[in-house]
Every structure is written in C-alpha cells, then in structure tokens.
1. If packing is taken as the average number of other Cβ atoms within 10 Å across a peptide's residues, how do 29-36, 168-175 rank, most packed first?
2. Using alpha-carbon positions, what is the distance between the centroids of segment 86-111 and segment 33-47, in Å?
3. With a 1.4 Å probe and every protein chain left in place, work out the accessible area per residue of the chain in Å², rounded to a whole number.
4. What value does segment 140-198 have for Rg/Rh, both radii from Cα atoms and Rh as Kirkwood defines it?
5. Between Rg and the Kirkwood Rh of segment 37-143, both from Cα atoms, what is the Rg to Rh ratio?
6. Residues with beta-carbon under 9 Å from that of Asp141, excluding Asp141: net charge, scoring Lys, Arg +1 and Asp, Glu -1?
7. Based on the mean of other Cβ atoms within 10 Å per residue, sort peptides 96-103, 142-149 so the most packed one is first.
8. What size of dipole, in debye to the nearest 20, comes out for segment 42-124 about its Cα centre when the only charges are +1 on Lys and Arg C-beta atoms and -1 on Asp and Glu C-beta atoms?
Amino acid sequence: MSEGTGGSPRRRRNPEQTRRAIIEGLLSAVHDGEFDPTTRGIAGRAGVSERSIFVHFPTRTALITAVVDQQSEEVEALIAEVDPALPLPERIDAVVRQGDAIFTRQREPRVLGLVESLRTPAVDARMRLTDKRIREALARDFAPELDRAPDSGQLLDLIDATVGWPYRHHLMDRRGLSARAASEAVRRALTALLAPGR
C-alpha cells in the first residue's frame with residue numbers, strides 16, 4: 001500500500017516460498033482425501049491467488065510432478081540406516097517403525113501418485129526411484145539373511161512386498177486394522193520370512 005492510506009505494506013513472498021506454498025497446499029488437500037482439488041481450493045490452502053498457481057506451474061502436469069518430487073523427498077528422508085549387525089528382532093522392529101512412518105506420509109498421496117504415474121512418465125520415474133531406494137535399504141538391513149538365502153532376489157521381493165505401501169494399505173484401508181495391528185502383522189510376516197520357526 002502506498003503511504004498515507006493508513007494501511008501497512010503487504011508482505012510479499014519470494015517466488016520459491018510461493019511455489020513451496022502451492023505444493024504444500026496440494027499435498028494438504030490430498031492428505032485430507034481430496035484427490036482432485038480445484039485450483040481455488042489449492043490457492044486457499046496456500047494463501048495465494050489462483051493466478052499464482054499458473055504463474056509457477058503453467059500446466060497441471062508441472063504441478064503434479066513438483067508435488068511428487070516433494071513427497072518423494074519427504075519419504076526418502078524417513079529411510080533409516082539399520083545396522084545389519086544388530087540382532088534380527090531389533091532390525092525387524094526398526095524396519096516396521098520405518099514402514100509405519102513411510103505409510104503415514106504416503107497413505108493418501110500414493111493413491112494420486114499411482115494414478116498419475118500411468119499418464120506422466122516423470123511421475124512414474126520419480127516414484128520408481130523412491131521405491132528402489134527403499135528396496136536398497138531393505139537389502140542392507142537384512143544382508144545377513146539374504147546372503148544365506150538360496151534365492152536372495154525372491155526373498156528380497158517378499159520382504160519388500162511385506163514392508164511396502166500396498167500391504168499396509170490392504171491391512172488398514174481394506175481390512176480396517178489399526179496402525180498398531182497392521183504393524184504387528186508386518187512384524188509377524190517378516191519374522192516368518194526371515195526366522196522361520198520362531
């Protein structure tokens with residue numbers, strides 16, 4: 001505002017802050033179960049004008065790709081380094097906690113990402129990269145057991161499937177288990193795979 005109007009000057013965000021607010025606005029909507037929010041709704045959550053969305057993201061694909069990049073970075077930050085020298089039950093507990101944290105972060109956005117990955121190669125590539133990094137961490141976490149397995153690739157596939165989003169989605173969103181019960185189911189399944197007979 002100009003001087004003499006009685007108001008204070010309006011604070012302006014820098015372009016990166018505005019861009020980040022738009023991404024967070026869309027992620028917030030998706031976390032609340034809105035899988036196809038309007039630009040007006042995103043703008044309201046971000047505290048920006050609708051026009052700002054199109055200035056920073058000229059296409060829907062550009063916005064979705066940026067959101068998937070942000071979401072992937074947040075998920076990858078949750079990948080913990082687990083010492084493979086720890087006793088197996090401790091490693092399983094650590095991986096189950098990590099899986100719970102990742103599922104909590106991915107629960108709703110992953111649904112949108114999977115749909116978008118079918119039509120946007122950049123989204124598909126980014127999601128595959130995150131999945132690969134999680135799998136690589138699991139290979140390190142359970143290296144002693146994988147080294148002894150007659151078919152380590154198949155065992156790693158089973159571990160990955162047990163720890164991953166689809167199994168927790170099935171347990172919690174399809175079967176209605178609590179997060180705690182789902183974690184216990186994952187723990188039992190990993191124990192059966194890695195320490196049969198326990």
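The values are calculated or read from the model by the stated rules, or taken from the named source; none is laboratory data. As the structure is a prediction and not an experimental result, all values here were calculated from the model. Note that each Cβ is placed from the backbone with ideal geometry, even for glycine, and that neighbours are counted across all protein chains shown. Just the protein is used for accessible areas: all its heavy atoms, side chains included, with ligands, DNA and RNA removed. Shrake-Rupley method; radii C 1.70, N 1.55, O 1.52, S 1.80 Å.
1. Numbers: 29-36: 14.1, 168-175: 15.6.
The densest-packed peptide leads the list: 168-175, 29-36.
2. 29
3. Working: 11440 Å² over 198 residues.
Per residue, the chain has 58 Å² of solvent-accessible surface.
4. On the way: Rg = 12.4 Å, Rh = 12.1 Å.
Rounded to two decimals, Rg over Rh is 1.02.
5. Details: Rg = 17.1 Å, Rh = 15.6 Å.
For segment 37-143, the value is 1.10.
6. Numbers: positive: Arg91, Arg140; negative: Glu81, Asp83.
Net charge around Asp141: 0.
7. On the way: 96-103: 20.1, 142-149: 15.5.
Descending packing order for the listed peptides: 96-103, 142-149.
8. Details: 9 positive and 13 negative charges, 98 e Å.
Once rounded to the nearest 20, the dipole reads 460 debye.
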